[in-house]
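The values are calculated or read from the model by the stated rules, or taken from the named source; none is laboratory data. Computed from a predicted structure; not experimentally measured. Glycine gets a Cβ as well: all are built from the backbone with ideal geometry, and neighbour counts include every protein chain shown. For the accessible areas, the whole protein counts, side chains as well, though only heavy atoms, and no ligand, DNA or RNA atoms are used. Shrake-Rupley method; radii C 1.70, N 1.55, O 1.52, S 1.80 Å.
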Amino acid sequence: MREQNLRAGIGMMVATTVVFALQDGISRHLAGTYNTYMVVMIRYWFFALFVLAIAARSTGGIRGAVRSHHPFLQAFRALLLVAEIYVMIYAFVHLGLIDTHAVFICYPLLVAALSGPVLGEKVGWRRWSAIAIGFLGVLVILEPGSGMVSLGAAVPLLAAAMFALYGLLTRYVARKDAGEVSFFWTGIVGALFATAVGMWFWQPMSGTDWLWMGVLCLTAVAGHWMLIRAYEIAEASALQPFAYLQLVWGAAMGMSIFGDTLRPNVALGAAIVASAGLFTLWRARQVAR
C-alpha cells in the first residue's frame with residue numbers, strides 16, 4: 001500500500017488533464033490531415049510497447065499479465081476503448097474541442113445511471129435526480145433546433161456512453177483481475193485491433209507531423225502513467241472533480257489555436273452537467289461511508 005498524499009495526487013490529476021487536453025489538440029490536428037485509423041494505429045503501437053515494458057517488470061511478468069478471469073470481457077473492453085477513441089477524434093474534427101468536451105463530460109452521469117444494471121449497485125433518487133438535471137444540461141448544450149444537432153452532436157454522446165461502459169467493465173473485471181492485467185489487455189488487444197483496421201489506411205506523413213505524432217504517443221503514455229500514479233496516492237472520489245479541468249484546458253486550446261467559439265449555451269450547459277456530475281460523485285462517496 002503506497003503512502004497516501006492528497007495534495008500530490010491532486011497536482012498529478014491536474015497535470016494529467018493538461019496532458020490529455022494537449023493530446024486531444026494534437027489528435028485533432030493530425031486527424032484533420034491524415035486518416036484517423038492510421039493515427040490511432042501508430043499511437044497504439046507505442047502504447048503496446050509501454051504496456052509490454054510495464055508487464056515485463058511486474059510480478060509474474062508477461063505470463064501473469066495475460067492470465068485473466070474474464071478474457072472475453074477484457075478483450076471487449078479493449079475494443080470498446082479503441083472504438084471510443086475513433087469516435088472522439090471524429091467529433092474533435094467535425095465539432096471542435098469545446099462542443100465535444102462539453103457533451104462528453106456527461107460520462108460520469110452515465111456511469112452512475114448504468115452502475116445498477118452493469119454492476120448491481122443501488123442508485124437512489126438523489127443521484128437519479130442529478131442524472132436527470134445533468135442531461136437537461138446536455139440539452140442546453142445541444143440547443144435542439146440549432147446547427148450543432150444537425151452536425152452530429154450525438155457523436156460525443158456516443159463516445160461518452162462508450163467510455164462510461166468501458167469504465168464500468170473495468171470496475172467489474174477488477175473484482176478478480178489485477179490492474180496490471182487490465183492494463184495489459186487494454187494495450188495489446190487494442191493495438192492488434194487498431195493495426196488490423198489502420199493498416200489499410202496508411203498515408204505518407206510529413207517530417208513535422210511525425211514529430212507531432214511522437215509527441216502524441218508520449219502524451220498518451222505520460223497521461224496514463226500520471227493518472228495511474230494519482231490514483232495510487234489519493235482516493236479516486238477526491239480526485240475525480242479535478243478531471244473536469246480537461247474541459248477548461250480543451251476550451252482554451254480550441255479558442256486560441258483552432259478558432260473554436262465558446263457559445264453561452266455551451267458554457268451554461270457544461271456548468272450544469274459538471275455540477276450534476278460532481279453531486280453524483282459526492283453522493284456516491286456519502287453512501288459508501
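Just a yes or no: is a residue in the stretch 224-233 over 20 Å from Phe46 (Cβ atoms), open to solvent by less than 60 Å² (accessible area, probe 1.4 Å) and assigned to a helix (DSSP H, G or I)? Checked the stretch 224-233: at least one residue is over 20 Å from Phe46 (Cβ atoms), open to solvent by less than 60 Å² (accessible area, probe 1.4 Å) and assigned to a helix (DSSP H, G or I).
Only residues that are touching a helix residue (DSSP H, G or I) at 6+ places or on another chain (Cβ under 6 Å) and open to solvent by 50 Å² or more (accessible area, probe 1.4 Å): list them for the stretch 273-282, please. Step through it out loud before you land on a result.
We begin by selecting, within the stretch 273-282, every residue touching a helix residue (DSSP H, G or I) at 6+ places or on another chain (Cβ under 6 Å); these are 273-274, 276-281.
Leu278, Phe279 - these are the residues of the stretch 273-282 that are touching a helix residue (DSSP H, G or I) at 6+ places or on another chain (Cβ under 6 Å) and open to solvent by 50 Å² or more (accessible area, probe 1.4 Å).
Each residue in the stretch 170-200 was checked for being in a loop (DSSP other than H, G, I, E, B), loosely packed, with under 14 Cβ neighbours inside 10 Å and in contact (Cβ under 8 Å) with a residue 12 or more places away in the chain, and 1 pass. Among the residues of the stretch 72-89, is there at least one that is without any contact (Cβ under 8 Å) to a residue 24 or more places away in the chain, open to solvent by 50 Å² or more (accessible area, probe 1.4 Å) and either more than 23 Å from Phe193 (Cβ to Cβ) or more than 18 Å from the chain's Cα centre (by Cα) (or both)? Yes, that holds for at least one residue.
Within the stretch 201-217, the set of residues being touching a residue at least 60 places away in the same chain (Cβ under 8 Å) and either part of a helix (DSSP H, G or I) or open to solvent by 30 Å² or more (accessible area, probe 1.4 Å) (or both) comprises Phe201, Trp202, Gln203, Asp209, Trp212, Met213, Val215, Leu216, Cys217. Report, by residue number, each residue of the stretch 253-270 that is closer than 25 Å to Leu22 by Cβ and open to solvent by less than 50 Å² (accessible area, probe 1.4 Å). Answer for the stretch 253-270, where residues must be closer than 25 Å to Leu22 by Cβ and open to solvent by less than 50 Å² (accessible area, probe 1.4 Å): Met253, Gly254, Asp260, Val266, Ala267, Gly269, Ala270.
Quick check on this structure: which one of Gly11, Gly61 is over 14 Å from Ala194 (Cβ atoms), surrounded by fewer than 21 Cβ atoms within 10 Å (Cβ to Cβ) and within 21 Å of the chain's Cα centre (by Cα)? Write out each step before concluding.
Working: Gly61 fails: within 21 Å of the chain's Cα centre (by Cα).
One residue alone meets the criteria, Gly11.
The residue that is surrounded by the fewest Cβ atoms within 10 Å (Cβ to Cβ), among those in the stretch 150-169 that are of a type in the set (A, V, I, L, M, F, W, C) and in contact with a His (Cβ under 8 Å, 6 or more places away or on another chain), is Leu151. For the stretch 33-51, state whether one or more residues are more than 22 Å from Trp200 (Cβ to Cβ), in contact with a Gly (Cβ under 8 Å, 6 or more places away or on another chain) and touching a residue at least 60 places away in the same chain (Cβ under 8 Å). Within the stretch 33-51 (the criterion being more than 22 Å from Trp200 (Cβ to Cβ), in contact with a Gly (Cβ under 8 Å, 6 or more places away or on another chain) and touching a residue at least 60 places away in the same chain (Cβ under 8 Å)), the answer is yes, since at least one residue qualifies.
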